[in-house]
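To start, the structure itself, in structure tokens.
Please treat every number below as a calculation from the coordinates, not as lab data. All values derive from a computational prediction rather than experimental measurement. Quick reminder, even Gly has a Cβ in these numbers, built from the backbone with ideal geometry, and neighbours come from all protein chains shown.
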Amino acid sequence: MTLVDSTVWIDYFNGVLSRETDLLDRKLATERIGIGDIILSEVLRGFKDDKGFEKAKTYLLTLPCFDLCGKEIVMKSAENYRSLRKKGITVRKTVDMIIGTFCIENDLPLLHSDRDFDPMEKHLGLKVV
């Protein structure tokens, strides 16, 4: 299973053609794709029209949805953030730190298009697609 970040889902629903949306399209046909509760919120909040919102919500709720923000993950994400800061690296968004840490702790590869995940891959062992 692969966890897909909101950056890819948003591009996918907006019809943006990229390496990541191409990969998502192929993976949807061949493997299980997961989503996180925070990712679900980030994706759905961006829909302007009700029809698109309802269609996306109905589809996304068919995917396995993980609770990303348990106490253990939050504590580990704080440790990971501090570890990167000691190396002079700042991850801009707490949400990304939580998503990356969840994937690391659960050995799930992440499909994303957000540079905040790059240092997590390089220094913390995040698997990316």
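Restricting attention to region 34-52, which residues are outside any helix (DSSP H, G or I), in contact with a strand residue (DSSP E or B) (Cβ under 9 Å, 6 or more places away or on another chain) and without any contact (Cβ under 8 Å) to a residue 60 or more places away in the chain?
Matches in region 34-52: 35 only.
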Subset of region 86-100 that is under 14 Å from the mean Cα position of the chain (by Cα) and of a type in the set (A, V, I, L, M, F, W, C) - its residue that is surrounded by the most Cβ atoms within 10 Å (Cβ to Cβ): 99
Out of curiosity, is residue 83 more than 24 Å from residue 31 (Cα to Cα), of a type in the set (Ser, Thr, Tyr) and either touching a residue at least 60 places away in the same chain (Cβ under 8 Å) or crowded, with 16+ Cβ neighbours inside 10 Å (or both)? no
Residue tally, condition among the charged types (D, E, K, R), more than 15 Å from the chain's Cα centre (by Cα) and surrounded by 15 or more Cβ atoms within 10 Å (Cβ to Cβ), over region 28-53: 0
When you check residue 28 against the structure, is it farther than 24 Å from residue 94 by Cα and in contact (Cβ under 8 Å) with a residue 60 or more places away in the chain, yes or no? no
Which condition from (1) part of a helix (DSSP H, G or I); (2) within 16 Å of residue 6 (Cα to Cα) is the one that residue 63 breaks? (1)
Can you name every residue in region 15-27 that is loosely packed, with under 11 Cβ neighbours inside 10 Å and part of a loop (DSSP other than H, G, I, E, B)? 15, 17
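I'd like the residue in region 101-126 that is touching a strand residue (DSSP E or B) at 6+ places or on another chain (Cβ under 7 Å) and not hydrophobic (A, V, I, L, M, F, W, C) and, out of all such residues, is farthest from residue 34 (Cα to Cα).
The qualifying residue farthest from residue 34 (Cα to Cα) is 121.
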Is it the case that region 13-30 has a residue that's touching an Asp or Glu at 6+ places or on another chain (Cβ under 9 Å) and over 16 Å from residue 128 (Cβ atoms)? yes
Do you know which residues across region 54-71 are without any contact (Cβ under 8 Å) to a residue 60 or more places away in the chain and either surrounded by 11 or more Cβ atoms within 10 Å (Cβ to Cβ) or of a type in the set (Phe, Trp, Tyr) (or both)? 54, 55, 56, 57, 59, 60, 61, 63, 65, 68, 69, 70
Among (1) under 15 Å from the mean Cα position of the chain (by Cα); (2) part of a helix (DSSP H, G or I) - the single one residue 72 does not satisfy: (1)
